[in-house]
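Only one structure is covered here, and it is reproduced in the block below.
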Ligand code: NDP
């Protein structure tokens, strides 16, 4: 039974040596427990934060202990009347091929409704993040302009598509020409900017957003966001969802550098954590599933195969190797 542990806390950019692949005996379920076999494991940028011991909204991983994250698993044996062998569940699980659980916090998922991996993406945490970030903070109105950074990723690609459903002009920012082309050709964005070939983000945003920016869904922060902030319209809304450009920084930048602008333009800038909106998950999930069924939303993912490749898939998030949701198929 393979297990992946955190070998040491990464300093700066994480590397393979920060993880350890070990084995342990396959466990047997006791009364009230189920034996789970991982089917799809989610790797997510927020996990970088849990690898450090800094205080956060979620407790840090422990060194030499298995990493845990969202995963879809199959119940292979059940001694718990709530579950049957053959059920699939999603929830926070250890990075282990096999593990036992009492079933607490696990939700059954149905492979007939959507592919199992979708419950880690568009019908899971990242889809909910896109939906709730917009509905709770961004509140886009028809005819407004929405800018999305990290636009070709799991959250960003969904946020942009929802913006289109809601009648906005949507402009995406991503890290390659290929991603930018896909945003407009496949995901219906009105325009997209490759930040790696753009020297002056403020001008690029101005050119692509002739009416200014009303809502900014920010997944990356840093210099990319500086350029967007300069183009915000009065009463604009900024959703601070992620800051991946700084996750591997070893010192904390001072800021925000935008206070004067927040005042002058009466902007709302609010930090967002999807877990704060748990009571809204059922309604949001239902809407996302409906849009998916009506083909108003496209489902995009990068599937890496093999349990041992989980750490590499995680590291590749910081290299922009994924298109849409990055998942590992076991
Ligand atoms: P993604 O699928 O977007 O994957 C990460 C992407 O980030 C990469 O593909 C890469 O795309 C981009 N990226 C990597 N390094 C940089 C950099 N230095 N500067 C700019 N872009 C970079 O991940 P998710 O959709 O899962 O998450 C997106 C963001 O949302 C993350 O910051 C994450 O932490 C956050 N998040 C927050 C949640 C919350 O509740 N607050 C919940 C879920 C996610 P590219 O090629 O375009 O550079």
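Any read-out appearing in this document is the output of simple, stated calculations on the displayed coordinates, not a laboratory observation. The structure presented is a predicted model; accordingly, all values stated were derived computationally and were not measured. Because the Cβ atoms are built from the backbone with ideal geometry, glycine has one as well, and the counts that use them run over all protein chains shown.
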Folded to 0 to 90 degrees: helix 281-293 orientation relative to the chain principal axis, Cα: 80
The chain: translational diffusion in µm²/s, Stokes-Einstein, Kirkwood Rh over Cα pairs, 20 °C, 1.002 mPa s: 104
Principal-axis tilt of helix 154-165 within the chain, Cα atoms, nearest 10 degrees: 50
Percent antiparallel among DSSP beta bridges (both partners in the chain, rounded to 5): 55
Ranked by how many other beta carbons lie within 10 Å on average, peptides 225-234, 113-122, 50-59 from highest: 113-122, 225-234, 50-59
Alpha-carbon centroids, region 64-101 and region 236-313: separation in whole Å: 26
For region 149-228 versus region 26-61, the gap between their alpha-carbon centres in whole angstrom: 32
